[in-house]
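A.B. asks: Below are the structure tokens for one structure; questions will follow.
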Amino acid sequence: MEKRTGTDRVKRGMAEMQKGGVIMDVINAEQAKIAEEAGAVAVMALERVPSDIRAAGGVARMADPTIVEEVRDAVSIPVMAKARIGHIVEARLLESLGVDYIDESEVLTPADEVFHLHKSDYTVPFVCGAKDLGEATRRIGEGASMLRTKGEPGTGNIVEAVRHQRLIQGQVRKVLGMSDDELMTEAKNLGAPYHVLQDIRENGRLPVVNFAAGGIATPADAALMMHLGSDGVFVGSGIFKSDNPQKFGRAIVEATTHYDDFKLIAELSKDLGTAMKGIEISTLEPADRMQDRGW
Amino acid sequence: MINIGVLALQGAVREHVRGLEAPDVEITVVKKVEQLEQLDGLVFPGGESTTMRRLINRYGFYEPLQAFAAAGKPIFGTCAGAILMAQEIAGQAEPHLSVMDMTVERNAFGRQRESFEALLSMKHVAEDVEAVFIRAPIIRSVGPDVDVLAEYDGDIVAAQQGSFLACSFHPELTDDARMHQYFVQMVRESLAEPAV
């Protein structure tokens, strides 16, 4: 019997198993265990969470492999890690470490301003950020097996993630009603690969899972993103920048599962302590807008 | 109509719903304990078993699910779902729901880069079932009342014990619904027989 690794089904399927779940940013084994205990479906191993990357400035790179290995060995849930946009060697290196998913992420400083990774070449699956359907389908065209909204990471401000999710959902709905001739023009206007738009129209939805990310700071934020049609959520700085990460993590997981049970979310939101301090998007300098990295 | 539920705490729920579709089947997405009462059969989907278990405990599903199994109602678990059903989990002190006499080992094929797909011959189902294995468990051993349905490379990857069906791969990720329909038939037959 022929055994095939790294197929689309195997790579996209991995993300399908994460649906309805929360993926949490962690910077060491201790946080990884707290995240697993809180019910995370996966952890993202990082050297710094996005809000600290903002504060530190300078060039943000892939995490030290020691951190990735420490996290990998601490938990039984899948481990993800971030590589810089277009950084072939960081990605290959993470793949060799046995990371379960790579995030080609705008949270790190891009290594290539023109080319994203050709993700179909890898056995390990990739998740990529997107602000609109053009960007989403280009990443799928390159071989991304999972999408997430870009949002504006490390701000604790949900407004950009909402904007991106609403836009992508609306653009998908528009594609579903299009005729063949309209579809090619839409591909041109969006800068989208035509075959990916055809796939969307044929199957009635994006061919890969689409999570929310970039600014989720409270259980209500997580539930809001689920309400808007996200398949799950990434929480970066929100959990370990809060007063009580254990409690906060559990509350976000529950709010994501039961996003339509408002009474429950009200209960979960009580006495959580202070959430991370947020940043108003209009106060960000253009160079500090992570969502504008990549294309 | 028969009513089959898919436990929807986390994981690939929509795909199972598609596989179970049949003219005489009503499908319920189960998020609350009360919904179990109306069901004739239940699917534990793929996902993360540790996450599902935590949510099972938190929402008081643990005892109702065990009662559901004790009543002899059919249950089908895929991947994480099979782990929830096992009586023993290698390297772990406690099992989850412990409804099926088998020992499973989690992530037994390796990490995601070792995940794969292959064709399997499955007893009672077909010679060419498309199987997608994702960080999949292996069923290391089974009790005397358990029927081994499929093996991959000498390892058990699907088994049945009376009204309980478990596999370590994801039939829900393919367009091949034969394994789901085999389970639907198990549910039909369980209703035809007098309850034990």
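The values are calculated or read from the model by the stated rules, or taken from the named source; none is laboratory data. All of these numbers come straight from a predicted model, not from anything done at the bench. Positions of Cβ are generated from backbone atoms using ideal geometry, with glycine treated the same way; all protein chains shown enter the neighbour counts. Quick note on the areas: whole protein, heavy atoms, side chains included, nothing else; ligands and nucleic acids left out. Shrake-Rupley method; radii C 1.70, N 1.55, O 1.52, S 1.80 Å.
A.B. asks: I'd like to know if the range A:143-156 contains one or more residues that are open to solvent by 20 Å² or more (accessible area, probe 1.4 Å) and at pLDDT 95 or above.
C.D. replies: No, every residue in the range A:143-156 fails to be open to solvent by 20 Å² or more (accessible area, probe 1.4 Å) and at pLDDT 95 or above.
A.B. asks: Might you check whether a residue that is within 14 Å of chain B (Cβ to nearest Cβ), among the basic types (Lys, Arg) and crowded, with 16+ Cβ neighbours inside 10 Å occurs anywhere in the range A:12-20?
C.D. replies: Looking for residues that are within 14 Å of chain B (Cβ to nearest Cβ), among the basic types (Lys, Arg) and crowded, with 16+ Cβ neighbours inside 10 Å, one finds at least one in the range A:12-20, hence yes.
A.B. asks: Restricting to the range B:84-94, what's the tally of residues that are under 18 Å from B:Asp147 (Cα atoms) and open to solvent by 10 Å² or more (accessible area, probe 1.4 Å)?
C.D. replies: The total comes to 2.
A.B. asks: Then there's this: I'd like the residue in the range B:50-83 that is basic (Lys, Arg) and within 13 Å of another protein chain (Cβ to nearest Cβ) and, out of all such residues, is most open to solvent (accessible area, probe 1.4 Å).
C.D. replies: Selected residue: B:Arg58.
A.B. asks: Does A:Ser51 fit the bill of being crowded, with 20+ Cβ neighbours inside 10 Å and either at pLDDT 95 or above or within 26 Å of A:Ser230 (Cα to Cα) (or both)?
C.D. replies: Criteria met by A:Ser51.
A.B. asks: Does any residue in the range A:1-30 that is more than 17 Å from B:Glu130 (Cβ to Cβ) come within less than 8 Å, Cβ to Cβ, of a residue that is modelled with pLDDT under 95 and among the hydroxyl-bearing types (Ser, Thr, Tyr) six or more places away or on a different chain, and which pairs are these?
C.D. replies: Every condition considered, the pairs that remain are A:Gly20/A:Thr257; A:Gly21/B:Thr51; A:Asp25/A:Ser237.
A.B. asks: Related question: For the range B:128-149, how many residues are away from chain A (no Cβ under 11 Å) and open to solvent by 40 Å² or more (accessible area, probe 1.4 Å)?
C.D. replies: 7
A.B. asks: Take the residues of the range A:106-140 that are buried (at least 20 other Cβ atoms within 10 Å of the Cβ) and within 14 Å of another protein chain (Cβ to nearest Cβ): which is farthest from A:Ser51 (Cα to Cα)?
C.D. replies: By that ranking, first place goes to A:Tyr122.
A.B. asks: Across the range B:95-127, which residue is most open to solvent (accessible area, probe 1.4 Å) among those that are charged (D, E, K, R) and within 14 Å of chain A (Cβ to nearest Cβ)?
C.D. replies: B:Glu127
A.B. asks: On to the next question. Just checking, how many residues over the range B:7-49 are part of a strand (DSSP E or B), within 12 Å of chain A (Cβ to nearest Cβ) and under 16 Å from B:Leu165 (Cβ atoms)?
C.D. replies: The qualifying residues number 1.
A.B. asks: Confirm whether B:Leu36 is closer than 16 Å to B:Val187 by Cα and surrounded by 17 or more Cβ atoms within 10 Å (Cβ to Cβ).
C.D. replies: Against the criterion (closer than 16 Å to B:Val187 by Cα and surrounded by 17 or more Cβ atoms within 10 Å (Cβ to Cβ)), B:Leu36 qualifies.
A.B. asks: A follow-up question, please. Please specify each residue of the range A:275-295 satisfying the condition of being at pLDDT 90 or above, open to solvent by less than 40 Å² (accessible area, probe 1.4 Å) and either in a loop (DSSP other than H, G, I, E, B) or farther than 19 Å from A:Ser237 by Cα (or both).
C.D. replies: Once the filter is applied, which keeps residues that are at pLDDT 90 or above, open to solvent by less than 40 Å² (accessible area, probe 1.4 Å) and either in a loop (DSSP other than H, G, I, E, B) or farther than 19 Å from A:Ser237 by Cα (or both), the range A:275-295 yields A:Leu284, A:Gly294.
A.B. asks: How do the helices (runs of 4 or more DSSP H) wholly within the range A:34-149 filter down when requiring 1 or more residues that are farther than 18 Å from A:Ala192 by Cα and in contact (Cβ under 8 Å) with a residue 40 or more places away in the chain: which remain?
C.D. replies: Once the helices (runs of 4 or more DSSP H) in the range A:34-149 are filtered for at least 1 residues that are farther than 18 Å from A:Ala192 by Cα and in contact (Cβ under 8 Å) with a residue 40 or more places away in the chain, what remains is A:50-56, A:65-74.
A.B. asks: Is there a residue being in contact with a His (Cβ under 7 Å, 6 or more places away or on another chain) and open to solvent by less than 20 Å² (accessible area, probe 1.4 Å) anywhere in the range A:24-46?
C.D. replies: no
A.B. asks: Let me ask something else about it. Given (1) among the polar types (S, T, N, Q); (2) free of Cβ contacts under 8 Å to residues at least 24 places away in the same chain; (3) part of a loop (DSSP other than H, G, I, E, B), identify the lone condition not met by A:Gln198.
C.D. replies: Failed condition: (3).
A.B. asks: Sticking with this structure for a sec: Given the conditions (1) open to solvent by 30 Å² or more (accessible area, probe 1.4 Å); (2) more than 10 Å from every other protein chain (Cβ to nearest Cβ), which single one is not true for A:Glu2?
C.D. replies: Evaluating A:Glu2 over (1) open to solvent by 30 Å² or more (accessible area, probe 1.4 Å); (2) more than 10 Å from every other protein chain (Cβ to nearest Cβ) leaves (2) as the failure.
Table: residues versus (1) closer than 27 Å to B:Val33 by Cα; (2) surrounded by 14 or more Cβ atoms within 10 Å (Cβ to Cβ); (3) basic (Lys, Arg).
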position: A:Lys174; (1), (2), (3): no, no, yes
position: A:Glu202; (1), (2), (3): no, no, no
position: A:Leu224; (1), (2), (3): yes, yes, no
position: A:Gly273; (1), (2), (3): no, no, no
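Let's see how each residue does on (1) open to solvent by 10 Å² or more (accessible area, probe 1.4 Å); (2) more than 14 Å from every other protein chain (Cβ to nearest Cβ); (3) touching a residue at least 40 places away in the same chain (Cβ under 8 Å); (4) acidic (Asp, Glu):
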| site | (1), (2), (3), (4) |
| --- | --- |
| B:Asp155 | yes, no, yes, yes |
| B:Gln161 | yes, yes, yes, no |
| B:Val184 | no, yes, yes, no |
| B:Val187 | no, yes, yes, no |
